[in-house]
1. Excluding ligands, DNA and RNA, what is the solvent-accessible area per residue of chain A at a probe of 1.4 Å, expressed in Å²?
2. Provide the buried accessible surface between chains B and A in square angstrom, both chains summed, 1.4 Å probe, rounded to the nearest 100.
3. Sorting check: for A:100-108, A:12-20, which peptide has the highest mean count of neighbouring beta carbons within 10 Å, and how do the rest follow?
4. Enumerate cysteines in chain A without a disulfide-compatible partner, where compatibility requires another Cys Cβ under 4.7 angstrom.
5. For a test of the definition: using alpha carbon positions, the gyration tensor, and the 1.5 limit on a/c, classify the stretch A:27-71 as rounded, prolate or oblate.
6. When Cβ neighbours within 10 Å are restricted to other protein chains, what is their mean count per residue of peptide B:30-36?
7. How about residue B:71: which aspartates and glutamates have a C-alpha closer than 13 Å to its C-alpha, ignoring those fewer than 8 places off in the same chain?
8. Within the set of other residues whose C-beta is less than 12 Å from the C-beta of residue B:27, count the net charge using Lys and Arg as +1 and Asp and Glu as -1.
Amino acid sequence: DTEVTQTPKHLVMGMTNKKSLKCEQHMGHRAMYWYKQKAKKPPELMFVYSYEKLSINESVPSRFSPECPNSSLLNLHLHALQPEDSALYLCASSQVIGRQGFPYEQYFGPGTRLTVT
Amino acid sequence: GENVEQHPSTLSVQEGDSAVIKCTYSDSASNYFPWYKQELGKRPQLIIDIRSNVGEKKDQRIAVTLNKTAKHFSLHITETQPEDSAVYFCAASIRPFLIQGAQKLVFGQGTRLTINP
């Protein structure tokens, strides 16, 4: 199984709502990522989890709250979002960096298209 | 700060001709350079990658070259086909966190490649 799955595919939420995005992989990867992608732009890193611990937070606003309950699951909790947060949210996973210090391929999920009204 | 520049932003070639996309990076510690293809409404998918200890890598019609001295790398697609039409993103790893095994990729702005029949 070389697939990363994400739910839901689409999400529309108001600025006062609380919602969660979910990501799952069964490749045994111990690094998982959240990216935000606006239209016609590259993916922009938000968070990195390594061995279920938050390793990188790219100064993301606190209205985005990541969680890694176990090595296969990654959640992104959303609260009090703004319309400018509307975007495609991509989850990815990879093996952690090897002893030679080289990163490995990141596998992306299909994304959740989020619209904040 | 960490930066990856990608050129051109759009590229149109005749079917059967070759396409070349170029990227430059700023972090001399970068050691991994993947190329992703993203079709409209779909996830980014790795098409080829190269590590800093290799100067060139080829996979059928696709090749990547790396010049560490000049800090640039290029994607070459030969015998282009209509299904090669997509947005292509280059990326570079930034200061891998060897202790925690985490990795960070910075993406170029993308190249929209159109193959004309």
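1. Per-residue accessible area for chain A comes out at 49 Å².
2. About 2500 Å² of accessible surface is lost on pairing.
3. The densest-packed peptide leads the list: A:100-108, A:12-20.
4. By the Cβ distance rule, which asks for a partner under 4.7 Å, the isolated cysteines are A:68.
5. oblate
6. 3
7. Once the sequence-local aspartates and glutamates are set aside, what remains near residue B:71 is B:2, B:5, B:27.
8. Neighbour charge sum, excluding residue B:27 itself: +3.
The values are calculated or read from the model by the stated rules, or taken from the named source; none is laboratory data. Just so we're clear, the structure is a prediction, and the values are computed from it rather than from any experiment. Methodologically, a virtual Cβ is constructed for each residue, glycine included, from the backbone with ideal geometry; neighbour enumeration extends over all protein chains shown. These area figures cover heavy atoms from the full protein model, side chains too; ligands, DNA and RNA do not enter into them. Shrake-Rupley method; radii C 1.70, N 1.55, O 1.52, S 1.80 Å.
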